[in-house]
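*Asks:* First the structure, then my questions, so here it is.
The values are calculated or read from the model by the stated rules, or taken from the named source; none is laboratory data. Keep in mind the model is a prediction, meaning the values are calculated, not measured. Here the Cβ positions follow ideal geometry from the backbone for every residue, glycine too, while neighbour counts run over all protein chains shown. Heads up: the accessible areas ignore ligands, DNA and RNA and are worked out on the full protein's heavy atoms, side chains in. Shrake-Rupley method; radii C 1.70, N 1.55, O 1.52, S 1.80 Å.
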Amino acid sequence: MAKKSPPGLPWKTRVALYVVSAVTDYSRRPNGTVNRRLLSICRLRTSSNPNPINNVKSFDITVDSSRDLWFRLFIPTTDESRNLISLPIIVFFHGGGFVYLSADTTAYDAVCRRFARKLPAVVVSVNYRLAPEHRYPAQYDDGFDVLKFLDNEKNRGILPENVDLSCCFVAGDSAGGNIAHHVAKRASELTSDFNSLKVIGLVAIQPFFGGEERTEAEIRLAEIDPLISSSRTDWMWKAFLPPGEGIDRDHEVINVSGPRAIDISKLDFPATMVVVSGFDSLQDWQRRYYEWLKKSGKEVYLSEYPTMVHAFYIFPELPESTQLILEIKDFIYKQCSKVVKN
């Protein structure tokens, strides 16, 4: 089979992907640690701002200072958002292979601001702990604890009055999509832990799953995918998982639909939207995830972008980025309408 040509991306997007790839490669050490000093020099951050920017104001909220767990809260200030009787809330997890980036990374600040304005919705962008300093299950614990924090009546004052916690969505891209899945699963297992909050939807944008096998897409796109490579993902999985006998890439938190998959058929698992793109080396794992959810009897939708690469939606210059936001909007309000009808 002939290899596909590289996608026709704008030069601005190509340069950004090259820089991200280079910084990622240079920061990874052979001993499994990360050069955080290099990353701090290269990292672009944006501060929160209580004054509306593009009709969205933002605040940083501490959940647990002992583990530096906090989130950036994005509140839309448009007339549409103020006039809505019920405003959904999205708990978002950023990508970065569990090792990189944060809630105040400029690209993710901009993405969450777009979500808040265009959906509209209140967005909670979680700054979870990173590997290898903090390995599994730290990231899942942090995500679940943010849900508990939002559900706590004592913290309700940080949210707008028209937020509906029964219309809560978890979302994320890449590693964040993986975290969103596992947080949603835990929330559906522990529904009695919540008073008002209910996760009714999951948006998994190019989620980071894997396994011991090398899939057809991983092989075919090895020299084409500008961001994902087997050497990078193998290193990230090692950084993420704690060392131990029998710990490999077929672990159920990595290969979620694989030989050790957890049975979720009897769980009240939320409706799920899975986003896949044609030049993403992880696409086979993502499609298997979609099929696994279907076989488990869950409501799931597949959204495909054949000409796009991993993390495409972060780049506002791509028309597909706006298209995806509109798709997410339709998905969210479809699920919220079910809550209203009930």
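*Asks:* Count charges around residue 48 for me, please; just the other residues with Cβ under 11 Å from its Cβ, Lys/Arg as +1, Asp/Glu as -1.
*Replies:* Details: positive: 45, 57, 72, 113; negative: 60, 104, 109.
Counting the neighbours of residue 48, the net charge comes to +1.
*Asks:* Give me the distance between the Cα centres of segment 189-204 and segment 272-308, rounded to whole Å.
*Replies:* 22
*Asks:* Given the options 187, 261, 204, which has the most mean-square fluctuation in a GNM of the chain, springs set between C-alpha atoms less than 10 angstrom apart?
*Replies:* Looking only at 187, 261, 204, the largest GNM fluctuation is found for 261.
*Asks:* Also: Under a 1.4 Å probe, what is the accessible area of segment 93-177 per residue, stated in Å²?
*Replies:* Working: 2260 Å² over 85 residues.
For segment 93-177, the per-residue accessible area is 27 Å².
*Asks:* Please compute the length gained on full extension between residue 156 and residue 189, using 0.36 nm multiplied by the number of residues separating them and subtracting their Cα-Cα distance. Provide the component values of the computation, followed by the final result.
*Replies:* Details: separation 33, 0.36 × 33 = 11.88 nm, distance 2.36 nm.
Length difference between fully extended and current span is 9.5 nm.
*Asks:* How much accessible area per residue does segment 1-69 have, counting only protein heavy atoms and a probe of 1.4 Å, in square angstrom? Can you show the working numbers first?
*Replies:* Numbers: 4950 Å² over 69 residues.
Accessible surface, normalised per residue, equals 72 Å².
*Asks:* Also, quick follow-up: Enter the accessible area per residue of segment 180-251 (Å², integer; probe 1.4 Å; all protein chains in place). Present the calculation step by step, with values, prior to reporting the outcome.
*Replies:* Details: 2880 Å² over 72 residues.
With the other protein chains kept in place, segment 180-251 gives 40 Å² per residue.
*Asks:* May I ask you to list, by number, the DSSP H helices of the chain whose Cα span along the axis is at least 27 Å and whose average Kyte-Doolittle hydropathy reaches -1.0 or more?
*Replies:* Values: long enough: 319-341 (34 Å, -0.15).
Taking the DSSP H segments of the chain (at least 27 Å long, mean hydropathy at least -1.0), we get 319-341.
*Asks:* Under a 10 Å cutoff between Cα atoms, tell me which one of 251, 181, 94 has the largest fluctuation in the Gaussian network model of the chain.
*Replies:* 251
*Asks:* Follow-up question, since we're still on this one. Whenever you get a sec, line up 190, 326 from highest to lowest accessible area (probe 1.4 Å, protein heavy atoms). Mind showing how you got there, number by number?
*Replies:* Numbers: 190 65, 326 95 Å².
The most accessible residue leads, giving 326, 190.
*Asks:* Could you tell me which of 137, 116, 188 has its Cα farthest along the dipole of segment 106-192 towards the positive end, charges placed at Cβ (Lys, Arg +1; Asp, Glu -1), taken about the Cα centre?
*Replies:* Ranked along the dipole, the leading option is 116.
*Asks:* Stokes-Einstein diffusion coefficient for segment 1-132 at 37 °C in a medium of 0.692 mPa s, Rh from the Kirkwood formula over Cα pairs: what value in µm²/s? The partial results should precede the final answer.
*Replies:* Numbers: Rh = 16.8 Å.
Answer, rounded: 196 µm²/s.
*Asks:* To the nearest Å, what is the center-to-center distance of segment 25-95 and segment 147-172, using C-alpha atoms only?
*Replies:* Between the Cα centre of segment 25-95 and that of segment 147-172, the gap is 16 Å.
*Asks:* Among the aspartates and glutamates, select those whose C-alpha is under 20 Å from the C-alpha of residue 329, and discard any that sit fewer than 8 residues away in the same chain.
*Replies:* The qualifying aspartates and glutamates are 79, 80, 109, 164, 173, 299, 304, 317, 320.
*Asks:* Taking the chain as a Gaussian network, where each spring joins two C-alpha atoms under 10 Å apart, which residue of 22, 180, 171 fluctuates the most?
*Replies:* Fluctuation is largest for 22.
*Asks:* Kindly identify the chain as rounded, prolate or oblate by the Cα gyration tensor criterion: order the square roots of the eigenvalues as a ≥ b ≥ c, call it rounded if a/c is under 1.5, otherwise compare a/b with b/c, prolate if a/b is larger, else oblate.
*Replies:* Working: a/c = 1.37, a/b = 1.28, b/c = 1.07.
Rounded shape, in that the Cα axes give a/c under 1.5.
*Asks:* Can you compute the helix-only [θ] at 222 nm over the chain? Use -39500 (n - 2.57) per DSSP H run of at least 4 residues, normalise by all residues, nearest 500 deg cm²/dmol.
*Replies:* Values: 10 runs with 123 residues, N = 342.
Helices in the chain give a 222 nm mean residue ellipticity of -11000 deg cm²/dmol.
*Asks:* If you don't mind, another one. At 7 Å along Cα-to-Cβ for each site, give me the label-to-label distance between residue 41 and residue 261 in nm.
*Replies:* Those two pseudo-labels are separated by 4.5 nm.
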